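Notes follow the structure.
The values are calculated or read from the model by the stated rules, or taken from the named source; none is laboratory data. Predicted model only: the values in this text are computed from it and were never measured. Because the Cβ atoms are built from the backbone with ideal geometry, glycine has one as well, and the counts that use them run over all protein chains shown. The accessibility values were calculated without ligands, DNA or RNA, using every heavy atom of the protein model including side chains. Shrake-Rupley method; radii C 1.70, N 1.55, O 1.52, S 1.80 Å.
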2 protein chains.
Amino acid sequence: MDLTTKLTAAAERLFDRHGYMATGMDRLTEAAGMSSRTLYKHAGSKAQLMARVLSERDRRFMARLEVQTVDALFAALEDWVRVEGTRGCLFLRSRAETGGDTPEIAEAVAAHKAAFHQRIVEVVAAELGRQDPVLAEQVLVLLEGATHAAIYRGADAVSAARAAAAILIERAQS
Amino acid sequence: MDLTTKLTAAAERLFDRHGYMATGMDRLTEAAGMSSRTLYKHAGSKAQLMARVLSERDRRFMARLEVQTVDALFAALEDWVRVEGTRGCLFLRSRAETGGDTPEIAEAVAAHKAAFHQRIVEVVAAELGRQDPVLAEQVLVLLEGATHAAIYRGADAVSAARAAAAILIERAQS
DNA sequence: ACCAATGTAAAACGTTCGTTTTACATTGCA
DNA sequence: TGCAATGTAAAACGAACGTTTTACATTGGT
């Protein structure tokens with residue numbers, strides 16, 4: 001495996017499980033199995049490393065949302081939390097940890113959330129055959145809520161959100 | 001104003017705006033307007049201070065949720081974000097920042113989220129005249145989702161969630 | 001009048017932070 | 001053959017971390 005890939009994977013794991021600020025670079029060199037010299041050659045800085053973790057995560061997450069129906073969005077989220085666990089949204093968390101004061105991170109988060117919103121708008125439009133910005137906002141709230149409620153309510157939160165979305169969609173179709 | 005109160009208020013402001021880990025104790029002494037000796041007499045430690053911030057916030061937040069209807073829960077959240085801003089849930093954020101490894105914080109968060117869930121169950125039961133655990137879970141997801149979506153979608157997220165909840169309630173009543 | 005409590009100001013504690021540097025080994029290509 | 005690139009190991013950088021301590025001022029109650 002490529003060293004940059006190995007580093008990014010190790011960083012994502014540690015930042016996600018223990019927090020961005022709480023993870024020191026020495027713990028990262030150990031987890032990535034490389035010297036700090038090599039780490040900095042590939043990472044640039046801690047903030048740049050986090051930004052790369054986020055854009056990599058955006059790629060993986062958004063790939064799962066390439067679906068045709070709203071219900072499939074929630075099915076995709078169910079798969080995601082089964083694989084990744086329920087620790088909330090790494091994007092919002094990393095931005096909050098840094099108070100929005102780290103440009104690389106703030107930009108990666110803004111890009112992801114814009115894409116996320118756009119995808120939902122598209123899927124809702126495809127399912128209804130027309131634009132419905134309010135319904136899209138409600139689906140976004142349900143997805144965001146499922147992600148964060150699952151932290152302490154478990155996977156039931158996701159299936160409850162899924163059922164709620166089905167009701168809202170059905171109502172909007174008739 | 002009491003020194004302990006002043007300290008707790010200053011700590012809540014800084015922890016919420018800049019993050020728990022990112023806020024140093026020197027910034028806290030300056031914001032609270034007291035020496036570090038006095039600060040530590042009242043705070044105990046940084047983690048204990050955060051725990052006190054959280055239980056104080058729990059008191060203020062839960063007081064606003066002493067309502068009779070689900071719609072009033074969302075009205076209360078609208079008021080809350082108008083006053084406190086949209087930076088997400090400080091409880092979930094502080095637990096994530098510490099990886100759940102700081103017992104005082106983890107316990108304060110668990111206590112708050114249990115009370116939050118319980119309150120929703122009660123309000124849903126009062127409105128329907130019967131228990132409905134799934135609907136309660138959906139309302140919880142909508143409240144949690146509104147809180148987090150509002151970070152980047154603004155207050156519209158809360159009113160969208162409010163409208164969605166109204167539909168779910170209406171459907172459950174008939 | 002005095003003692004105990006409570007506060008300030010500031011230095012110091014040892015540790016850890018993110019990052020850079022020094023010195024050296026390995027490897028792949030011209 | 002040899003040089004440039006890429007890696008390791010480890011020490012060092014100054015700054016900042018959470019916390020404690022030293023020395024001193026103010027104040028309120030018996």
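So here's what we get for this one:
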read-out	value
Flag if residue A:107 is assigned to a helix (DSSP H, G or I), surrounded by fewer than 15 Cβ atoms within 10 Å (Cβ to Cβ) and either away from DNA strand D (no atom under 16 Å from the Cβ) or small (Gly, Ala, Ser) (or both)	yes
Some residue of the stretch A:3-20 being at pLDDT below 95, open to solvent by 50 Å² or more (accessible area, probe 1.4 Å) and within 16 Å of DNA strand C (Cβ to nearest atom)	yes
Cross-chain or 6+ apart pairs with Cβ under 7 Å, the stretch A:31-49 first and within 14 Å of another protein chain (Cβ to nearest Cβ) and under 20 Å from residue A:97 (Cα atoms), then in a helix (DSSP H, G or I) and more than 7 Å from DNA strand C (Cβ to nearest atom)	A:47/A:104; A:47/A:105
Options A:12, A:56, A:30, A:66; residue that is farther than 30 Å from residue A:122 by Cα, among the acidic types (Asp, Glu) and more than 9 Å from DNA strand D (Cβ to nearest atom)	A:30
Check on residue B:135, at the interface with chain A (Cβ under 7 Å from one of its Cβ atoms), closer than 14 Å to residue A:167 by Cα and over 18 Å from the mean Cα position of the chain (by Cα)	no
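For (1) in contact with a helix residue (DSSP H, G or I) (Cβ under 7 Å, 6 or more places away or on another chain); (2) not assigned by TED's automatic domain parsing to the domain that holds residue A:127, each residue gets a yes or a no:
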{"residue": "A:16", "(1), (2)": "yes, yes"}
{"residue": "A:23", "(1), (2)": "yes, yes"}
{"residue": "A:70", "(1), (2)": "yes, no"}
{"residue": "A:73", "(1), (2)": "yes, no"}
{"residue": "A:84", "(1), (2)": "no, no"}
{"residue": "A:93", "(1), (2)": "yes, no"}
{"residue": "A:96", "(1), (2)": "yes, no"}
{"residue": "A:99", "(1), (2)": "yes, no"}
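Each row is one residue, and each column tells you yes or no for (1) within 7 Å of another protein chain (Cβ to nearest Cβ); (2) within 15 Å of the chain's Cα centre (by Cα); (3) surrounded by fewer than 20 Cβ atoms within 10 Å (Cβ to Cβ).
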{"site": "A:80", "(1), (2), (3)": "no, yes, yes"}
{"site": "A:98", "(1), (2), (3)": "yes, no, no"}
{"site": "A:129", "(1), (2), (3)": "no, no, yes"}
{"site": "A:147", "(1), (2), (3)": "no, yes, no"}
